[in-house]
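*Asks:* I am attaching a structure below and will ask some questions about it afterwards.
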Amino acid sequence: MPTDIDWNSSTREPIEKSYITLTVNGEPHRLGIGSQQDEIAPSHTLAYTLRESLGFTGTKIGCDHGACGACTVIMDGEAVQSCSILTIECDGKSILTIEGLEVNGQLHPLQQAFIDHTAFQCGFCTPGIIMSTKALLDANPSPTEDDIKQELAGHFCRCISHYLVIKAVMAAAGRER
Amino acid sequence: MRAFEHYNAKTTGEAVTLLKKYGSKAKLSAGGTDLLGKLKDEVLPEYPEVLINIKTIPDLDYIREDDGTLKIGALTKLSKIATSSIIKERYDIISQAAQSVGSPQIRRVGTIGGNLCQDVRCWYYRYPDHVGGRILCYLKGGQGCYALTGENRYHSIFGGCRVNGSACSSACPAGVDIPLYLSLIRDGDWHKAAEVLLEANPFPSVTGRVCSHPCEQKCNRGDFDESVSVRAIERFIGDYILDNASAIIKPAESYTGKSVAIIGSGPAGLSAAYYLNASGYRVTVFDRMPEAGGMLTNGIPAYRLPKDVVKRVLESLEKAGVEFKLQANIGKDITLEALRKEYDSVFLATGAWNQPSIGVEGESMAKPGLELLTNVNRGLKEIPGKKVVVIGGGNVAVDLGITVLRLGAEKVTIACLESREEMPALESEIEQAIEEGVKLMPSWGPARIIESAGKVTGIEMVQCSSVFDAEGIFSPTYDDSIRKAVKADQIILAVGQTADISYIDPALPLKVNRGLIVIDPKTQETSMPGIFAGGEVTSGPATVIEAVIAGHRAATAIDHYLRGAEIKDGHIKEKTDSPLLMFNSECLRKTSRVSRPIVPISERRLYVEDAPGLDLAEVEAEAKRCFNCSCVAVNASDMAVVLIALAAKIVITGPGGIRIVPAQDFFDSLVNVLEVDEILTEIQVPRPLENTSQTFIKFRLRGAIDFAIVSVASAITLNSGVCDDARIVLGAVAPKPIRAVAAEQTITGRALNTTVVEAAAEAAVTGSLPLNMNEYKVRITKTLVKRALSSPDPGTAAQ
């Protein structure tokens with residue numbers, strides 16, 4: 001209960017760490033906090049850090065306002081928009097990006113399904129859609145078409161790939177019509 | 001994003017401690033999806049120095065029911081609320097609303113507390129700074145609302161909220177709450193409108209005629225079509241006050257037994273007299289002239305300020321209890337010291353009536369301008385000359401130019417050191433003088449007055465190259481090689497009037513600087529305790545409204561002094577927070593301002609007012625043109641509407657502990673009632689009765705990542721088909737979520753048949769004020785209310 005605040009012991013200012021740890025695609029990274037070139041500034045978004053500091057440019061930044069879904073990555077099992085999360089608030093988190101799907105040079109079946117169904121044209125929104133789909137299938141291996149539409153409602157595609165995306169996801173889930 | 005410091009608060013106490021330390025320099029991040037966007041776009045009025053992440057507080061993420069009350073920790077994610085079985089079972093509209101927010105990704109990050117505290121929606125407000133520059137609207141500290149007359153399809157249909165005062169009132173030296181009295185006129189409450197004016201300005205009949213009306217220059221309507229004729233309306237109310245003086249300007253209810261002497265009965269003295277008398281002090285006003293009124297009576301020409309107006313002002317003051325002692329020779333008949341002993345306090349407001357020497361050869365042949373104006377105001381129609389040169393560039397000089405011309409002079413020239421653009425007189429009055437035939441000679445200074453046989457024959461002028469030095473200090477420089485002689489038989493001086501303070505015994509410890517009485521600008525207090533001063537005797541030549549304000553401020557300070565309280569600046573300023581402000585929908589159409597031009601030149605006289613006033617119908621029409629400037633953004637929180645419908649309470653934690661407010665009251669001020677060091681920590685929802693049906697309907701353009709254009713939440717308790725209790729809440733239609741009280745009343749006690757539901761839907765939008773592009777929201781609101789009340793089974797309403 002918020003009424004039970006122990007005002008004597010908990011009203012200090014928090015002591016901040018000088019670094020965070022972030023696991024990306026299974027590999028741990030120790031990132032210093034600060035304003036130096038190789039450090040993470042408090043204002044850096046996770047999308048920025050992934051792309052600019054760690055080189056995972058498969059994650060795209062579209063609107064940068066949480067409204068297009070292009071920057072979606074999986075954080076601790078949940079699909080989230082990396083443009084709307086500050087890196088400094090991700091201490092201890094495990095992130096999966098599109099680069100983490102491929103195993104030993106083999107595309108993930110989901111990636112292959114997108115290719116097989118030509119579920120994209122320009123491909124800019126595709127990494128985000130695939131990451132949302134991956135999280136969905138991990139939690140619900142045989143989704144209905146409606147489940148897929150609901151989950152992907154936050155993804156925008158200017159090339160109108162939506163119909164083929166649904167086909168690809170249904171196929172990857174083994175529910176191809 | 002620009003840099004900020006970042007803290008991860010581990011407890012509510014830590015977060016409150018940080019908020020207390022950084023105040024408005026800090027921002028809380030409770031989810032961050034809205035905040036980060038605003039930081040990237042630099043939308044906020046003030047970019048935060050510190051960001052406090054409270055998502056790291058572990059004990060604010062819970063959903064549980066205690067004794068029939070649902071408790072939701074403020075940091076509970078919307079995704080969790082949307083799927084919670086407790087909530088789905090009994091509080092379904094909360095889960096529906098949560099499920100309707102943003103996209104699945106946003107709901108996994110966004111929290112209920114963050115959703116409730118979200119900032120209002122308006123694309124002007126949220127216009128990215130890096131795209132073409134900042135739109136400085138009300139919310140960002142500007143003075144106007146762009147949506148009121150611009151693109152406003154998603155904005156409020158129920159009026160706006162005032163944020164930083166209004167442009168007109170901020171421009172008014174007296175701070176008159178102009179939009180308020182105009183709205184009272186629209187309501188037909190003339191008495192209240194008069195009171196609002198009198199609160200800040202006791203003589204609207206005077207200022208309604210002579211004020212330079214900076215309010216009109218700053219009026220936001222000026223950018224739309226034409227500014228509101230505030231001064232003409234003020235004049236009308238001023239005359240209304242004089243017509244009803246016995247009912248409006250009354251003696252104080254009780255008198256304190258203390259007395260104040262006021263020296264000088266000009267606008268400063270009269271203003272102080274008005275407020276001191278109203279506060280219960282016995283006021284005696286002394287003046288050396290045979291008639292009271294100072295500059296109002298003697299200085300300002302009757303064609304601008306008719307003398308019967310001034311007389312009626314004076315009469316109303318006398319009837320209210322102010323005593324006048326005229327032809328009083330302070331310093332001779334009675335000394336300042338004696339007055340100070342006889343009265344509990346003294347206010348010096350003796351003006352600036354002295355024409356100082358300007359050091360020009362033949363100066364003694366020239367006539368002091370104020371003396372001439374006084375004589376004319378007393379009815380002495382002397383013709384000063386056929387060819388007259390007035391020296392000076394201020395309002396007195398321009399008044400003299402016109403007066404002398406109307407007296408019958410053939411040629412009148414106004415010569416001043418300032419260039420045409422620098423002339424301190426009001427532009428409209430300069431233009432009037434030119435229109436009537438006055439010649440202007442800007443950038444010329446007098447070199448010598450030419451005489452022949454004891455008579456003025458002309459004046460030699462020298463070119464003035466600059467009036468002010470680099471620091472803006474009066475320091476004229478001349479080009480001696482450029483000279484000009486102007487034929488004239490009379491020279492009138494209207495330059496640099498100074499205060500005559502010879503009535504003050506120099507032995508008194510009253511601080512004087514450059515001939516002006518030194519005062520504390522906030523309290524008008526002089527260096528001698530109990531003696532206050534104001535108006536031109538402290539400032540040099542100024543305007544009527546400035547004198548009125550000085551008198552008001554002095555009255556407040558004298559009141560504090562006599563009550564033994566700390567002397568503070570008590571000048572009344574308008575309040576900034578107010579409930580929803582209404583305007584007349586006609587104001588959104590382009591219209592011309594109602595104003596009566598001054599009469600044609602052929603009809604202008606010395607003793608007849610030039611400018612006719614407005615009539616009642618015109619004033620009413622003009623008052624409707626006021627935008628009542630406010631912010632018409634909308635609060636689009638989906639959680640807010642359902643929580644208000646379910647009579648939820650919001651728990652707020654601050655340095656002093658917790659306080660609990662009804663969800664509805666949480667939105668009482670824009671954006672919410674949280675103080676800078678408070679945090680929303682919990683939401684409490686009483687369990688709805690079994691027979692309560694809940695509905696939430698959100699109308700939006702897209703099924704995801706979209707805000708409501710209109711949302712409706714309702715909780716209707718039915719008892720054998722009859723409505724026992726109803727709560728209907730509308731979202732995204734006003735700067736805050738609002739209850740459709742009239743609709744609730746319509747259905748309470750009745751069965752929800754088609755007729756009743758229709759009537760309720762109609763009632764929900766009564767009093768709505770659609771803007772130019774959002775009338776459709778009124779219709780949608782009506783439809784949604786109808787659907788909500790017709791929904792047979794709670795939880796099945798379409799989204």
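*Asks:* Given the conditions (1) more than 11 Å from chain A (Cβ to nearest Cβ); (2) more than 25 Å from A:TYR48 (Cβ to Cβ); (3) among the hydrophobic types (A, V, I, L, M, F, W, C), report the number of the one that B:LEU44 does not fulfil.
*Replies:* All conditions pass for B:LEU44, except number (2).
*Asks:* I'd like to check which helices (runs of 4 or more DSSP H) are fully inside region A:73-177 and have at least 2 residues that are under 30 Å from B:LEU35 (Cα atoms). Walk me through it before giving the result.
*Replies:* Numbers: elements: A:109-116, A:126-139, A:145-151, A:162-172.
Here the list reads A:126-139, A:145-151.
*Asks:* Identify the single condition in (1) more than 16 Å from B:VAL389 (Cβ to Cβ); (2) open to solvent by 60 Å² or more (accessible area, probe 1.4 Å); (3) free of Cβ contacts under 8 Å to residues at least 40 places away in the same chain that B:GLU410 does not satisfy, given that it satisfies every other one.
*Replies:* If we test B:GLU410 against (1) more than 16 Å from B:VAL389 (Cβ to Cβ); (2) open to solvent by 60 Å² or more (accessible area, probe 1.4 Å); (3) free of Cβ contacts under 8 Å to residues at least 40 places away in the same chain, just (1) comes out false.
*Asks:* Hey, among B:SER79, B:SER100, B:SER95, which residue is without any contact (Cβ under 8 Å) to a residue 24 or more places away in the chain and either in contact with a Lys or Arg (Cβ under 7 Å, 6 or more places away or on another chain) or buried (at least 24 other Cβ atoms within 10 Å of the Cβ) (or both)? Break it down into steps so the answer makes sense when it comes.
*Replies:* On the way: B:SER79 fails: without any contact (Cβ under 8 Å) to a residue 24 or more places away in the chain; B:SER100 fails: without any contact (Cβ under 8 Å) to a residue 24 or more places away in the chain.
Only one candidate passes the filter, namely B:SER95.
*Asks:* Residues A:THR118, A:THR126, A:THR57: which one is closer than 19 Å to A:TYR163 by Cα and open to solvent by 30 Å² or more (accessible area, probe 1.4 Å)?
*Replies:* Only one candidate qualifies: A:THR118.
*Asks:* Ok, one more. So B:GLU89 fits all but one of (1) free of Cβ contacts under 8 Å to residues at least 40 places away in the same chain; (2) crowded, with 19+ Cβ neighbours inside 10 Å; (3) more than 26 Å from A:ALA41 (Cα to Cα); what number is the exception?
*Replies:* Evaluating B:GLU89 over (1) free of Cβ contacts under 8 Å to residues at least 40 places away in the same chain; (2) crowded, with 19+ Cβ neighbours inside 10 Å; (3) more than 26 Å from A:ALA41 (Cα to Cα) leaves (2) as the failure.
*Asks:* A follow-up question, please. Can you pull out the helices (runs of 4 or more DSSP H) entirely within region B:151-265 that have at least 2 residues that are over 30 Å from B:PRO597 (Cβ atoms)? Working first, answer last.
*Replies:* On the way: elements: B:167-171, B:178-186, B:190-200, B:204-210, B:214-218, B:230-243, B:245-248.
Because the criterion is at least 2 residues that are over 30 Å from B:PRO597 (Cβ atoms), the helices (runs of 4 or more DSSP H) in region B:151-265 that meet it are B:190-200, B:245-248.
*Asks:* Of the numbered conditions (1) within 24 Å of B:LYS55 (Cα to Cα); (2) more than 7 Å from chain B (Cβ to nearest Cβ), A:SER84 satisfies every one except a single condition; which is it?
*Replies:* Result: A:SER84 fails condition (2) only.
*Asks:* Then there is this: B:ASP677: surrounded by fewer than 22 Cβ atoms within 10 Å (Cβ to Cβ) and within 14 Å of another protein chain (Cβ to nearest Cβ), yes or no?
*Replies:* Values: surrounded by fewer than 22 Cβ atoms within 10 Å (Cβ to Cβ): yes; within 14 Å of another protein chain (Cβ to nearest Cβ): yes.
Criteria met by B:ASP677.
*Asks:* Further question on the same structure: If I filter region B:300-342 down to residues being under 14 Å from B:GLY269 (Cβ atoms) and in a loop (DSSP other than H, G, I, E, B), which single residue comes out as most open to solvent (accessible area, probe 1.4 Å)?
*Replies:* By that ranking, first place goes to B:LEU326.
*Asks:* Moving on to the next point. Please go through region A:27-54 and give me each residue that is part of a loop (DSSP other than H, G, I, E, B), away from chain B (no Cβ under 13 Å) and surrounded by 14 or more Cβ atoms within 10 Å (Cβ to Cβ), ordered by number.
*Replies:* Passing the criteria: only A:LEU54.
*Asks:* Tell me whether region A:126-139 contains one or more residues that are away from chain B (no Cβ under 12 Å) and more than 27 Å from B:THR111 (Cα to Cα).
*Replies:* Initial filter on region A:126-139 (away from chain B (no Cβ under 12 Å)): A:126-127, A:130, A:134, A:137-138.
So of that shortlist, the ones also more than 27 Å from B:THR111 (Cα to Cα) come out as A:126.
Yes, region A:126-139 has at least one match.
*Asks:* Which count do you get for residues in region B:47-76 that are within 30 Å of B:GLY141 (Cα to Cα) and open to solvent by less than 30 Å² (accessible area, probe 1.4 Å)?
*Replies:* Number of matching residues: 7.
*Asks:* Working carefully through the options B:ILE459, B:ILE482, find the one that is part of a strand (DSSP E or B), open to solvent by less than 50 Å² (accessible area, probe 1.4 Å), in the same structural domain as B:ASP399 (by TED's automatic domain parsing) and over 30 Å from B:GLU216 (Cβ atoms). Walk me through how you get there before you give the answer.
*Replies:* Details: B:ILE482 fails: open to solvent by less than 50 Å² (accessible area, probe 1.4 Å).
Just a single option satisfies the conditions, and that option is B:ILE459.
*Asks:* Starting from residues that are part of a loop (DSSP other than H, G, I, E, B) and farther than 27 Å from B:PHE707 by Cα, keep the ones in region B:3-37 and report whichever is nearest to the other protein chains (Cβ to nearest Cβ).
*Replies:* Per the criteria, the residue is B:THR11.
*Asks:* Here's a follow-up. Among the residues of region B:431-456, how many are in contact with a Cys (Cβ under 7 Å, 6 or more places away or on another chain) and either over 19 Å from B:ILE358 (Cβ atoms) or not in a strand (DSSP E or B) (or both)? Even if it seems obvious, please write down each step before you answer.
*Replies:* Going residue by residue through region B:431-456, those that are in contact with a Cys (Cβ under 7 Å, 6 or more places away or on another chain) are B:442-445.
Next cut, either over 19 Å from B:ILE358 (Cβ atoms) or not in a strand (DSSP E or B) (or both) only: B:443.
Residues flagged as in contact with a Cys (Cβ under 7 Å, 6 or more places away or on another chain) and either over 19 Å from B:ILE358 (Cβ atoms) or not in a strand (DSSP E or B) (or both) within region B:431-456 amount to 1.
*Asks:* Within region B:65-88, take every residue that is among the polar types (S, T, N, Q) and farther than 15 Å from B:GLY114 by Cβ and give me the one that is farthest from the chain's Cα centre (by Cα).
*Replies:* Top of the filtered list is B:SER85.
The values are calculated or read from the model by the stated rules, or taken from the named source; none is laboratory data. Note that the structure is predicted; figures quoted are calculated from it, not measured. A quick note on method: Cβ atoms are made from the backbone with ideal geometry, for glycine too, and the neighbour counts reach across all protein chains shown. The area values use the complete protein model at the heavy-atom level, side chains included, leaving out ligands, DNA and RNA. Shrake-Rupley method; radii C 1.70, N 1.55, O 1.52, S 1.80 Å.
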